[in-house]
Amino acid sequence: MSRPSSLIYDRQVRSLVFQVLLILALVFGAWWLGSNTLVNLAAQGKTLGFGFLTQTSGFQINATLGTWLMEYNVGSSTYLDVYVIGIINTFLVASLGIIGATILGFTMGIMRLSKNFVIRGFATIYVEVLRNIPLLLQLFFWYFAVLRSLPNRRGQIEIFEGAAGINITGLYLPAPLPQDGAGIVGIAFILFIIIAFWIGNWAKKRQSETGQRFPAFWAGAGIIFIGTALVYFVMGQPIDWSFPVFKDAGPLLRRGFQIGNGMAVIPEFIAVWLALTLYTAAFIAEIVRAGILAIAKGQTEASYSLGIRPGTTLRLVIIPQALRVIIPPLTSQYLNLTKNSSLAVAIAYPELVSIFAGTALNQVGKEIEMIGMMMIVYLTFSLLTAAFMNWFNARVKLVER
Amino acid sequence: MASKAKTKNVISDEVMISMENVNKWYGTFHVLRDINLTVHKGERIVICGPSGSGKSTLIRCLNRLEEHQDGTINVQGIEINNDLKNIDEIRRDVGMVFQHFNLFPHLTILENCTLAPIWVRKLPKAQAEEIAMEYLTRVKIPEQALKYPGQLSGGQQQRVAIARSLCMEPKLMLFDEPTSALDPEMIKEVLDTMVELAEDGMSMICVTHEMGFARKVANRVIFMDEGQIVEQNEPEAFFNNPQSDRTKLFLSQILDH
Amino acid sequence: MANARDKKYEFVRREDAPILPPPATEAGITGWLWHNIFESMADYSSIGAGIRSLSMAILSVLILYFGGAQIYALIDFTIFSAVFSDPEGIKREACWTVDQGGALPSGWHGACWPFVVAKQKFLLYGAYPAEELWRVNLTGLVGLVGLVWVLIEKLPYRREVGAAMLTLYPLMAFILLTGGNTDTEFFNIGIWLVIGLAIISAGRLGKRGFLGSTFSEFGTLIGFTGWVFLIFNAVRGVAAVDFGLEPIDTRDWGGLLITLVVAITGIVASLPLGIILALGRRSEMPVARLLSTIFIEFWRGIPLITVLFMASVMLPLFMPEGVNFDNLLRALIGVMLFSAAYMAEVIRGGLQAIDKGQYEGAQAMGLSYWQTMRLVILPQALTHVIPGIVNTFIGLFKDTTLVSIVGIFDLLGAAQSTIADPSWSSHVQALSVYVYVALLFFVFCFAMSRYSIYMENKLSKSRSH
C-alpha cells in the first residue's frame, strides 16, 4: 500500500479539509452570535447605528486638557466630542506617564546595579514593593489616602510663594498666556534645535577628518537654551503668566483658589499619573537592569584593555548593545501603561473608558457601537506599537552567519 | 621537535614589567601568593599551570582588569594603582587578547579595529582605517573588513581580536588562553599569527596550554600552581628537565595525551 | 639566540609562600563594608573622581535618611503606634485622638487593627453565610495540599495529583462553593452521554476501517469529539447531583475568595485554550495561523477593564434568549479569554525553545502530529514555560482587583466597602485596611515571584548539561 504520493495527498487533503471546517465553524459561530444579538437588541427596543454621535451629550466633564482643547460645553458638544476628549485625555496621561516612568525607571535600574549597598538596596526595595502590589490599590492609595488628606478647598499648601499651590481640589500652576511675538520665540527655539543638530554633524565630520573632538553636546544645549532666552528677552518677554490667586481672607465661601487664574490640574489626573509612573517605572527598572547585565562582562574588559575610558565605553560599546535588548520589552511596557490608564475609570479621571464607556454609555445605551469604538482606539495603539517593535528588531538585528 | 622560530630581535635590558611581592585575595581566598617577576623588552613568556592556579589573574593584574592588594607592579616604569591617569597610560601601551574574543558585535570588523585609535589616540578616521587595514592584512583577513563578527568563524574572530589590539601599536601583548575556545582545526591559524608576531619582535606574555607554541617561540616558560610561581626556565630545559615534582606532574598530565 | 641562552631564567621554588589572611578590605564584615559602601566614595585621584565619590556619599546619606524615615514610619504605623485591641467594644472611638473625642494622644497616627480584625470575615469571604464557611475552608485546604504536593519534589505520585488538581478539583470546588445541584435534567444529560458514546464508537469503528476510507482518516478527530461530549456531560451530571449542600449565590461571595477563584480559574481554564492557540499560531495551515494570531493580538491589545465591560455588558446580548449569565461567570469568561492570549504567547515561547531535533526524532519514529505534541513536545515545553506561567499568574492575580469596577466584590472591593462603614470611621480607617490588603498582596506575589526565579534557575541549570 504505499506510497509516498498518497501520503502527501492525504496530508494536504486533511489539512485543507480541516481549514475549511475551521472557517465553516467560525462563520457559523459568528452567524449564531450575530442573530442572537439582533434578537436581544430588538427585544430591548434598540437598533444598531452611529447616529448617536451627533447627539449632544448630557453630562459635565472635569476640566482637563481635552475639554480645554475641544472647548467642551454641555448642551452644545456632541458624543463624538466626548469620544475625542476621552482619547486626548488618555493620550495626555499616557504620554506624561511614559516620560515619567522612563526617567524614573532608568534611574532605578541603574541604581540597582550600583556597587553601593545603600543605593542598590533602596532601588531593590522600590522595585519589589511596587511590582507586587496591584496598580489599582496603588491608585486608591494615592487618591484616597494621600490626596484626600490635603487641605480642603479653603486652605492650601504653598509650593512656591504665590506661584503654585496644592489642595484637595487640585494642583494650581502658573498658566502661560502667549502674547504677540511668542510665535517668534517658538520659531527661534526650533531654529536653534536645528542649528544644534547641524553643529553635531559638523563636529562628527571634523573628528573623522582630524581626530579632534568638539564638545558638540554642550555647545548645542547651550545654544538652544541661551539663544532662546536671548530671543525671549529681545522680543520683550512675550509670554504673560497667569498666576493662581489664593484668597485666604474675607467671606468663608469665597476663600480658596479663584477660578480663572492660573492652570488647575485636577487631583484625579495627579493620582493616575503618579500611580502609572511609579508602577511602570518598577518594571522598566528590571528591564534596564536585565539589558545591561545581558552584555557580557568581556565587552567592557575588551574595551578597557584597548585604553577606552569607562564613559566612552558605556556610550559606544555597552549602551548600543543594551538598547537592542531593552527596547522591545520597553515598548511593551509603554503599551501596558497606555492600557492601564483605563483604570482611571475607578476614580473618575475623564479618560476614554471613564467618560465614553462609562457615563456616555449609561446615557446612550448603545453598547456594541461604543465599546467597539473604544476597542478600536486601543487596538490601534497596540498595532502601532507592534509594528514599531518589528521594524526596530529587524533594523538592529545583529548580523550573523 | 618543532624548529625554533627565527626571532628577529634581541632581548634588551630594558625592564618592561616588574612585579614585587604581589599578593591578591578574592575574599578569603589567597589567589596570588608572593609573585615576583621581571619582564624585559623583547621577551616572549608562556605561563602554564592547572586551572585555578592564578595565571589569568596574574596577567589581568597587569592592565588593571584585576586589582592587587599587596606589593607593587610597574609597567614601563609606571606604577599600577588607583590613579586613573596611570591606568589609562598603561592600557594604551598594553594590548590584550581574550579567550572568548570579545569583539564588539554591533560594529564591523573595521570599526572594531578603528574604535580605539579614533577615540583614544584621536586619529582621523582615514588614518585609523589605513592602520586597521594594514594589521588586518597582517593577520591575513583584509577581505572581511566590512563584515560583522557574527559572520566570521572562531579562528577568524580571534585573529581580528589580535589585529584590533595591534592597531593601538602596543609595546606588550597579553594573551589569555587565546586558543582554548576554538575548534581544533582553527587553532593553527591563530597560533601561526602569534608566532609571526613574536618573530617580528613583539614582547608578549601568553597564558596557554599549547606547549608546541611554547617550544617554538618562548624564551621563558613559567609554571604556576596554587597562586605562586613554582618553576620557570627556558623551554628546552623546562620541558626536558623539570625540577619540581609539581611541574613534573603537570607536564605528565598534559604532554602524554 | 646566543643572547637568549646567556640569560639564566632558571628558578625553582623551594619553599611555598605562606597562605596569608586577606587584608581588611577583602574579607569579613570590613571587606563587605568596603566593597559595598565605602569603596565608591573613596576615589579622589582626580577632580572628576572626587566629585563622583562625594555625590555617592551624599546620595547614600540622603537615601538612608529618607528611606529609613519611610520604613520607620511604616513600622511605627503598623506596630509601634498601632491600636491592637478594643476591649470595651467602642469601635471607632478606640481609634480617635483626644481632639476627636477619643482616648489617644493628639497627633496620633497608627493602624486601627481592631477595625481590620472585625472585618476579617468580610475581607476573606465576603457575604458568604457564616455556617457554610467550612465549605470554603475545605476547598482551600484541599487546594493547598494539592499544590504543595505537586511542588515538593520528593513526594510520590506528583503527576497523578497534578492531573487530579487540574480536572477533579475544579469540579469539587464548584460543588462545594456553589452547592452543586444545578438545574440540569438528568434525562438531558443522559441523552448527551449516549450521543457521546456513539460518536466515540463511530470513531473507533472508523479507525478500524469499517466505515469507509474517509472515516478512517478522521477517526481520531471523531473519537476526540466524542470524548469531549462524554466528559462535558459527565461533569454536568456530577454538578447536578444533590449532595445536600445549601446553594449559595455567587453574589454572596466576596473578598479573598473571589480573588482566588477568579485568578485560579482564569489560569487553569486558559491553559488548554492557550495551548491550542499557541499550536495554531505555529501551525503550517494558513487559516489556523491567521485565526490564532488575530485572536491573540486582539485580546492582548485591549485593556482588561474593557474586556470586563464587554463581558458584563455584551455577553448577555450574544447568548440566545433566556440564557441567564451569572455576573461572576461573565467576568470569569472575560478573564479566561484575556489570559488565554497571554498564555498562548508564553507557551509559544516554550515551543520555539524546543530543539527542532525533537520534532524530527518524533516524526522519524512515525508519531502523528497530535501524538508528537502530546508525548514529546508539550511535556518539555510546559516545563520550560513554568516560570512564564507563574509570572502570568502573578499578573492575573493583581489584575483580579479590576473586577471590583464591574461590581464583583474582590479583596480590594471588600476593602473599599469596609471604609464606608461609619461605625468605624476614623482618620486612619482607609489607611489601615489599605496597608493590610497591600501586605496580603505583597506577600502572595513576592512569594510567587521568588518561586518563579527559583524554577528558572533550576531549569537553566538542568538544561545546560
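The GluC sites (Glu not before Pro) found in the stretch C:278-329 that occupy coil by DSSP, while having at most 11 further C-beta atoms within 10 Å, are C:Glu284, C:Glu321. For the stretch C:276-400, what D do you get in µm² per second when you plug the Kirkwood radius from alpha-carbon pairs into Stokes-Einstein at 4 °C and 1.567 mPa s? Rounded, D is 79 µm²/s.
The length gained by stretching the chain between A:Arg395 and A:Val146 to full extension, at 0.36 nm per residue less their Cα-Cα distance, is 85.1 nm. Normalised by the number of residues in chain B, the average gap of Cα pairs under 8 Å and 6 or more apart makes the relative contact order 27 percent. Exposed loop sites here mean GluC sites (Glu not before Pro) with a DSSP loop assignment and at most 10 other beta-carbon atoms within 10 Å; chain A contains its longest site-free run at A:162-399. Per residue of peptide B:67-74, the mean number of Cβ atoms on other chains within 10 Å of the residue Cβ is 1. Measuring gaps between exposed loop sites in chain A (chymotrypsin sites (Phe, Trp or Tyr not before Pro); DSSP loop; at most 16 other Cβ atoms within 10 Å), the longest gap, sites not included, is A:60-401. For the protein assembly as shown, what D do you get in µm² per second when you plug the Kirkwood radius from alpha-carbon pairs into Stokes-Einstein at 25 °C and 0.890 mPa s? Answer, rounded: 69 µm²/s. So in the protein assembly as shown, what percent of DSSP beta bridges are antiparallel if you round to the nearest 5? Antiparallel: roughly 65 percent of the beta bridges in the protein assembly as shown. Here the sum of -39500 (n - 2.57) over DSSP H runs of 4 or more residues, divided by the residues of chain B, equals -11000 deg cm²/dmol at 222 nm, to the nearest 500. Overall form of chain A: oblate. Here a/c, set by the Cα gyration tensor axes a ≥ b ≥ c, is 1.5 or more, and a/b is not larger than b/c.
Sparse packing (at most 11 other Cβ atoms within 10 Å of the Cβ) combined with a DSSP loop state is found for the following chymotrypsin sites (Phe, Trp or Tyr not before Pro) in the stretch C:89-189: C:Tyr157. As a ratio to 2.2 N^0.38 Å, the alpha-carbon radius of gyration computed for the stretch B:114-187 takes the value 1.13. Look at where the Cα atoms of the stretch A:185-256 and of the stretch C:61-86 average out, and the two centres are 43 Å apart. If you sort the three axes of the alpha carbon gyration tensor as a ≥ b ≥ c, you get a/c of 1.5 or more for chain C and a/b no higher than b/c, which makes it oblate. Converting the Cα gyration tensor eigenvalues of the stretch A:176-242 into ellipsoid dimensions via √(5λ) gives semi-axes, longest first, of 32, 9, 7 Å. Distance cut-off 23 Å, Cα to Cα: go down the list A:Lys297/C:Lys461; C:Lys398/C:Lys458; B:Lys41/B:Lys125 and report the pairs above it. Checking Cα-Cα distances, C:Lys398/C:Lys458; B:Lys41/B:Lys125 exceed 23 Å. Taking 32 Å as the limit for the C-alpha separation, the pairs A:Lys204/B:Lys171; A:Lys339/C:Lys356; B:Lys85/B:Lys140; A:Lys397/B:Lys85 exceed it in the case of A:Lys339/C:Lys356; B:Lys85/B:Lys140; A:Lys397/B:Lys85.
Within chain C, the cysteines lacking any other cysteine Cβ closer than 4.7 Å to their own Cβ are C:Cys445.
Near the amide H of B:Val97, within less than 5 Å, lie the amide hydrogens of B:Leu174, B:Phe175, B:Asp176, all on another chain or at least 5 residues away, with H placed in the peptide plane.
Values in this text are rule-based calculations from the coordinates and carry no lab data. Nothing here was measured: the structure is a model prediction, and the numbers come from that model. Because the Cβ atoms are built from the backbone with ideal geometry, glycine has one as well, and the counts that use them run over all protein chains shown.
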